[in-house]
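S.K.: Below is the structure I would like to discuss, written out as structure tokens.
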Ligand SMILES: Nc1ncnc2c1ncn2[C@@H]1O[C@H](COP(=O)(O)OP(=O)(O)O)[C@@H](O)[C@H]1O
Ligand SMILES: [Mg+2]
């Protein structure tokens with residue numbers, strides 16, 4: 001089976017000619033992208049370029065003007081309400097402003113998606129919550145309130161909450177924005193661990209090239225509403241395309 005083959009079975013998410021305007025503003029101008037089962041694909045590009053809009057299309061939150069989103073080979077526009085809900089349950093979201101509920105403890109926050117979908121009796125629920133918190137090394141903090149945690153810890157709680165339903169696909173929108181380098185490193189490690197431990201397929205939007213290098217199997221560069229480049233971190237680094245060189249140098253931590 002050729003990886004170049006557009007119908008490759010390993011494509012978990014396929015975006016075909018995704019086109020979207022808001023009013024007169026043309027944001028996506030034909031995005032073609034394939035995300036393979038089990039890979040971590042990092043999406044980079046200028047701020048305001050439509051990266052979050054791409055993620056929202058994948059969740060079905062936004063409908064394209066033209067083009068298609070295929071999950072496991074099925075066009076999400078063709079799914080009925082029930083099937084779309086089921087497909088959505090397999091997607092975990094870690095959105096930038098996907099804040100925790102401040103009035104709920106860490107444990108209650110993490111339990112929330114399970115309560116929503118009424119999964120299992122309460123004691124089993126507690127086991128799952130502890131397991132999810134262990135994953136992000138926060139089990140001892142189960143009874144704390146979000147306000148008493150650092151920014152990095154809050155992100156980890158949000159990650160535990162996103163992972164508790166064991167999604168097949170994780171969408172991360174700038175998961176390390178605003179975090180210091182140490183907290184960023186921890187989140188990057190967790191993203192890698194989710195991939196290894198649960199074979200989760202991930203799409204990560206970031207503007208941190210160091211993070212991208214650490215976690216990406218492939219990097220897609222969104223530019224003027226299209227995927228301008230998609231390749232491995234090494235291919236990106238080795239490119240002499242001025243646009244890519246310029247972007248990378250502007251988004252990397254300068255050497256000390
Ligand atoms: N629901 C919406 N309605 C109108 N405009 C939107 C909406 N969502 C995004 N946009 C606009 O689309 C552009 C791309 O946004 P976004 O995807 O958030 O960029 P990025 O994530 O790459 O920084 C922005 O100009 C934004 O204002
Ligand atoms: Mg964004």
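The values are calculated or read from the model by the stated rules, or taken from the named source; none is laboratory data. Everything quoted here is computed from the prediction, not taken from an experiment. Methodologically, a virtual Cβ is constructed for each residue, glycine included, from the backbone with ideal geometry; neighbour enumeration extends over all protein chains shown.
S.K.: When only residues in the range 43-61 that are over 13 Å from the mean Cα position of the chain (by Cα) and within 11 Å of ligand 1 (Cβ to nearest atom) count, which is nearest to residue 12 (Cα to Cα)?
M.R.: The residue in question is 61.
S.K.: Pairs please, first residue from the range 45-56 and in contact (Cβ under 8 Å) with a residue 40 or more places away in the chain, second anywhere and more than 8 Å from ligand 2 (Cβ to nearest atom) and in a loop (DSSP other than H, G, I, E, B), Cβ atoms under 6 Å, 6+ apart in sequence or on different chains.
M.R.: Listed by first residue and then by second, the contacts come to nothing, as the list is empty.
S.K.: Something else about it: Quick one: would you say residue 13 is under 30 Å from residue 210 (Cα atoms), in contact with a strand residue (DSSP E or B) (Cβ under 6 Å, 6 or more places away or on another chain), within 16 Å of ligand 1 (Cβ to nearest atom) and not in a loop (DSSP other than H, G, I, E, B)?
M.R.: Against the criterion (under 30 Å from residue 210 (Cα atoms), in contact with a strand residue (DSSP E or B) (Cβ under 6 Å, 6 or more places away or on another chain), within 16 Å of ligand 1 (Cβ to nearest atom) and not in a loop (DSSP other than H, G, I, E, B)), residue 13 does not qualify.
S.K.: Further, regarding this structure: Give the range 30-42 a look and list any residue that's within 16 Å of ligand 1 (Cβ to nearest atom), more than 13 Å from the chain's Cα centre (by Cα) and either surrounded by fewer than 17 Cβ atoms within 10 Å (Cβ to Cβ) or under 22 Å from residue 175 (Cα atoms) (or both), or say none.
M.R.: Selection gives 30, 33.
S.K.: Also, I was wondering about something else. Can you find, within the range 211-232, the residue that is surrounded by the fewest Cβ atoms within 10 Å (Cβ to Cβ) among those that are assigned to a loop (DSSP other than H, G, I, E, B) and within 16 Å of ligand 1 (Cβ to nearest atom)?
M.R.: Among residues in the range 211-232 that are assigned to a loop (DSSP other than H, G, I, E, B) and within 16 Å of ligand 1 (Cβ to nearest atom), the one surrounded by the fewest Cβ atoms within 10 Å (Cβ to Cβ) is 224.
S.K.: Could you tell me how many of the residues in the range 143-178 are more than 16 Å from ligand 1 (Cβ to nearest atom) and in contact (Cβ under 8 Å) with a residue 40 or more places away in the chain?
M.R.: 19
So that you can scan it fast, the table gives a plain yes or no per residue for (1) modelled with pLDDT of 95 or more; (2) assigned by TED's automatic domain parsing to the domain that holds residue 184; (3) surrounded by fewer than 18 Cβ atoms within 10 Å (Cβ to Cβ):
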{"residue": "116", "(1), (2), (3)": "no, no, yes"}
{"residue": "135", "(1), (2), (3)": "no, no, no"}
{"residue": "144", "(1), (2), (3)": "yes, no, yes"}
{"residue": "150", "(1), (2), (3)": "no, no, yes"}
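S.K.: Of all residues in the range 62-99, how many are surrounded by 12 or more Cβ atoms within 10 Å (Cβ to Cβ) and within 12 Å of ligand 1 (Cβ to nearest atom)?
M.R.: Qualifying residue count for the region: 3.
S.K.: Could you say which residue among 63, 56 is outside the structural domain of residue 132 (by TED's automatic domain parsing) and part of a helix (DSSP H, G or I)?
M.R.: 56
S.K.: Look at residue 244 and say whether it is in contact (Cβ under 8 Å) with a residue 24 or more places away in the chain and closer than 28 Å to residue 21 by Cα.
M.R.: It is false that residue 244 is in contact (Cβ under 8 Å) with a residue 24 or more places away in the chain and closer than 28 Å to residue 21 by Cα.
S.K.: Filter the range 190-210 for residues that are in a helix (DSSP H, G or I) and closer than 20 Å to residue 55 by Cβ and give the result.
M.R.: 190, 191, 192, 194, 195, 198, 209
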